[in-house]
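What follows is a short report on a single structure.
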Amino acid sequence: MTDAERKLVYEQAADWLLELEAAPKDAGLRQAFEAWVDAHPLHAKAWSRVASTWFALGEPLEPKAVGHVSAPSKAVHRSRTARGTIGPSREASIWRRIPVRGRVASGVFLALTVLAFLPFAERLQHDDYTTGIGETHLVTLDDGSMVYLAPDSAIDVDFTPDQRLLHLKRGEAFFDVNKDPARPFKVETDHVTVSVVGTAFDVRLSDDSLAVEVEHGIVSVHNNAVSGLEQDDLRLTAGQSVSIDFESGKADRYNAPAEMIAGWREGLLMVEGVTIGDVVDTLQRYKSGWIVFGDQKLSEGRVTGLYDLRDPDRALNALVKAHDGKVTQVTPFLMVLSFK
């Protein structure tokens, strides 16, 4: 399932919420909603996320409106058993039909906007190794190489007699690779492939960029699908790093002290000239709930600094302060970043 299809499912779930809230006694509407939930496992997962956000904002749904899947826990249970295919897109868009709801109107709009455009943490595929929000994990591979998974990250491992291939599906990982010239070690994403023989390096993947930092050894970064990238193969040595923007193809090289590479293993994040949006993407993996921008231009500001991942709230305040920004806690599950 593509990200566009997942995005559509979340938009449909938000549409259902508004229609059920507006007509809680419409039996036909309830029956159609339950059929939609049963049509695909992701439908129930999306409904659980949207409904949970609505509850958190203090707007309980009418129980009759959602029948036996009104509670998020039940929706999640159904997601494990429901089967089917995703139905056709419904024409009405949530953005044209959100009613004004006084004290929670802006919070609801922002929360549902986030749900519709999340990188879809509710994924259908089963990855070999995953971590949750705020969780790290050390994996020892069959060849003795080690992988340190950052929070909210996932990898698949595909070892053969001829190669050692890992797929970074999301998030960030630090790789400490045992040398084996007969079997090159590759880390693959949709956009680039990082190849080594024996070295230690970090790969950080977000929706719109990728960064590679080398602690020791030599790394080759091969372009798979980044249009406009000046070089198809980039060579990095110890202390060198590169950040690649997928949209523009721009590759920014920079140097970082070896002891600070993958500093997240010690609870620290060091950045140089990156956007606030990229830093927020990283901090989101350490904090439950949602972080959104009330002013999108704020996300484009660039920062250089050292942030404490053990205290994401403090890091967020320090992050936006440099650009005259502020953090507003709308609910325990929703933070909004905007200019003062």
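Test VAL212 against the criterion of being part of a loop (DSSP other than H, G, I, E, B) and either open to solvent by less than 60 Å² (accessible area, probe 1.4 Å) or under 25 Å from ARG285 (Cβ atoms) (or both), and give yes or no. No, not satisfied. Looking only at the stretch 135-164, count every residue that is under 24 Å from the mean Cα position of the chain (by Cα) and open to solvent by less than 20 Å² (accessible area, probe 1.4 Å) and tell me the total. Qualifying residue count, the stretch 135-164: 8. Taking (1) free of Cβ contacts under 8 Å to residues at least 60 places away in the same chain; (2) open to solvent by less than 50 Å² (accessible area, probe 1.4 Å) in turn, LEU334 satisfies each apart from (1). Evaluated against (1) at pLDDT below 90; (2) loosely packed, with under 15 Cβ neighbours inside 10 Å; (3) of a type in the set (Val, Ile, Thr), THR113 falls short on exactly one condition, (2).
Annotation note: of ASP202, ASP207, the sole residue that is open to solvent by 50 Å² or more (accessible area, probe 1.4 Å) and either of a type in the set (A, V, I, L, M) or within 21 Å of THR130 (Cβ to Cβ) (or both) is ASP207. Evaluate the stretch 237-254: report whether one residue or more is over 20 Å from ALA173 (Cβ atoms), modelled with pLDDT of 90 or more and not in a strand (DSSP E or B). Looking through the stretch 237-254, none of the residues is over 20 Å from ALA173 (Cβ atoms), modelled with pLDDT of 90 or more and not in a strand (DSSP E or B).
Considered as a group, the residues in the stretch 302-331 that are out of contact with any strand residue (DSSP E or B) (no Cβ under 7 Å at 6 or more places or on another chain) and over 20 Å from ASP152 (Cα atoms) include one that is surrounded by the fewest Cβ atoms within 10 Å (Cβ to Cβ), and that residue is LYS321.
Taking the criterion of being of a type in the set (A, V, I, L, M), assigned to a strand (DSSP E or B) and farther than 23 Å from VAL280 by Cβ, the residues of the stretch 156-183 that qualify are VAL157, LEU165, LEU166. With respect to the stated conditions, ASP202 fails to be touching a strand residue (DSSP E or B) at 6+ places or on another chain (Cβ under 7 Å), under 22 Å from ASP281 (Cα atoms), modelled with pLDDT under 90 and of a type in the set (Asp, Glu).
The values are calculated or read from the model by the stated rules, or taken from the named source; none is laboratory data. On a predicted model such as this, the values are computed, not experimentally measured, just so you know. With ideal geometry, Cβ positions are generated from the backbone for all residues, glycine too; neighbour counts draw on all protein chains shown. When the accessible area is computed, the model is the full protein with side chains, heavy atoms only, and any ligands, DNA or RNA have been set aside. Shrake-Rupley method; radii C 1.70, N 1.55, O 1.52, S 1.80 Å.
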